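Read-outs: derived from the displayed coordinates by stated rules, not from any lab. None of the values given here were measured: they were computed from a predicted structure. Don't worry about glycine lacking a Cβ; one is built from the backbone with ideal geometry, like all the others, and counts go over all protein chains shown.
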Ligand code: SAH
Ligand code: DHB
Ligand code: MG
């Protein structure tokens, strides 16, 4: 919808700014898919991290580092962000973008399948799940090993044009999101909701969960 894009542009011009647009341009020039969070969503992740004074952040799915950089900019100088990326090419583009954005010293990119590079024995304040959707249930389960009460878990792309409602879907990505949402709802360790979104990225949504025990 044109008006959704126009409102995202309005918000970007008014409140988000264009300082990080170079990350999206560089990622696109390098041939990466245009599936990063939108600028208003990137700023929103930054505000969430700052509001909880996050010092340790874990991200699953780096792509060109756009969401990574928004999150890293919320960290204090001694903060740390670990981001997990399967594709070496994406990690390389992200690495260059992190340097240009001045956050390379607080970010560690681990290359490989996220379940194989998972940071064991660390505790994170904020976890952003945004990699392959079919593996969301496993990511949520592993996330519960590396959080503490008060940590926040955010997962992207959990509405997908309303496909999340399809009881008969054969799409394993939709099934993955459905199962993760059900796990979040059933887990006594988190209290969660889903916020639907519209804008540059179409109609989609974020699951947001706070760890309670
Ligand atoms: N968070 C990024 C977008 C991530 S797109 C942003 O908003 O800017 C999803 C990314 O997950 C892609 O780069 C893809 O290569 C990566 N990915 C897919 N499967 C993965 C896996 N098993 N482990 C780690 N990363 C994976
Ligand atoms: C797509 C969008 C995303 O935000 C993502 O993380 C993965 C895929 C997509 O539009 O295909
Ligand atoms: Mg996404």
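Assuming R0 = 22 Å, what is the FRET efficiency of residue 189 and residue 134, from their Cβ-Cβ distance, to the nearest 0.05? Can you show the working numbers first?
Numbers: r = 23 Å, r/R0 = 1.03.
That gives a FRET efficiency of 0.45.
For the stretch 36-80 versus the stretch 150-200, the spacing of their alpha-carbon centroids is 20 Å.
Under 1.5 on a/c is rounded, so check that first for the stretch 106-161, then, if it is not, pick prolate when a/b is larger than b/c and oblate when it is not; a ≥ b ≥ c are the square roots of the alpha carbon gyration tensor eigenvalues.
Details: a/c = 1.67, a/b = 1.21, b/c = 1.38.
Note, shape of the stretch 106-161 comes out oblate.
Does the stretch 1-113 come out rounded, prolate or oblate, given a ≥ b ≥ c as the square roots of the eigenvalues of its C-alpha gyration tensor, rounded meaning a/c under 1.5 and, failing that, prolate meaning a/b above b/c? Here the stretch 1-113 falls in the oblate category.
Residue exposure proxy: 212, 111, 177, 82, ordered by other Cβ atoms within 10 angstrom of their Cβ from fewest to most, comes out as 212, 111, 82, 177. Mean-square fluctuations from a GNM of the chain, with a 10 angstrom spring cutoff on Cα atoms, peak among 38, 67, 12 at 12. Checking the a/c ratio against 1.5 first, then a/b against b/c, what shape does the Cα gyration tensor give for the stretch 2-211? Note, shape of the stretch 2-211 comes out rounded. When both bridge partners sit in the chain, DSSP labels roughly 40% of those beta bridges antiparallel. Here is how the number arises for the chain: DSSP H runs of 4 or more residues each give -39500 (n - 2.57), the sum is divided by the residue count, and the result at 222 nm is -11000 deg cm²/dmol.
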